[in-house]
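Notes for the one structure printed next.
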Amino acid sequence: MLRVYIVSHLPVPEDVIDHVGEVLSRISGVDVYSLLMEELVDFALQFYDSVRGQVNAELLLSFLKSITRVSSYTLEKYVYVIDVDAFVPGLDFVFGVAELCGDVAVVFTLRLRQEFWNGFYRIEVDPRRLFRERLKKEILHELGHTLCLEHCPNRRCVMSFSNSIIDVDYKSADFCVECLGKLRRIVSWRHKL
């Protein structure tokens, strides 16, 4: 059984939680939980780079890994969802970060909000619905990394690399056939351990 904990300082929309559960249920039995952690933004701001005006994603991920207690008896994954802007050295920004085959990932939602892109990128969709679709994609993308998936060359796959919000909008909120097959093999192998 795969357990996924989506932890945020703001309530994550129920349809996002349901979608993540539906997609992952095709791989394995799964339980998806939503948890509130009010101090999450305070944790993130410890790693705020005032020169860049962003949070250092790698340092925050390392910190969150150090405080997350993962059961050694089940396959557990934690995705922290934080409404801040973040970067990793060498990139202007990131939508999320995860350690490949790790247990913890972080999704940064500030740039997933259409208000951030007004004046640069226009799309005629309800902004709340658009945000939820983008959030589904980024949560699944970072979960894919924790489940040992690397970036996929199929631009429609949720595991494709997103260099811009346009890339996020273009890809689907699901794994391609190849990535889904890899995930089934990985999770099946992990359950045998």
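Listing for the model above:
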{"item": "From Val125, Val94, residue being surrounded by 19 or more Cβ atoms within 10 Å (Cβ to Cβ), free of Cβ contacts under 8 Å to residues at least 40 places away in the same chain and within 16 Å of Asp169 (Cα to Cα)", "result": "Val94"}
{"item": "Ala86 vs. criteria closer than 21 Å to Leu180 by Cα and at pLDDT 95 or above", "result": "no"}
{"item": "Residues satisfying the stated conditions in region 99-122, i.e. among the basic types (Lys, Arg) and not in a helix (DSSP H, G or I)", "result": "Arg113, Arg122"}
{"item": "Qualifying residue in region 68-76 (condition: at pLDDT 95 or above and either under 22 Å from Ile186 (Cα atoms) or not in a loop (DSSP other than H, G, I, E, B) (or both))", "result": "no"}
{"item": "Single condition Thr74 does not satisfy, out of (1) over 16 Å from the mean Cα position of the chain (by Cα); (2) surrounded by 21 or more Cβ atoms within 10 Å (Cβ to Cβ); (3) hydroxyl-bearing (Ser, Thr, Tyr)", "result": "(2)"}
{"item": "Residue that is surrounded by 22 or more Cβ atoms within 10 Å (Cβ to Cβ) and over 19 Å from Leu100 (Cβ atoms), where the choices are Leu135, Leu143, Leu149", "result": "Leu135"}
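The values are calculated or read from the model by the stated rules, or taken from the named source; none is laboratory data. These numbers come from a predicted model, not from an experiment. Cβ sites come from the backbone with ideal geometry, for glycine too, and all protein chains shown count toward neighbours.
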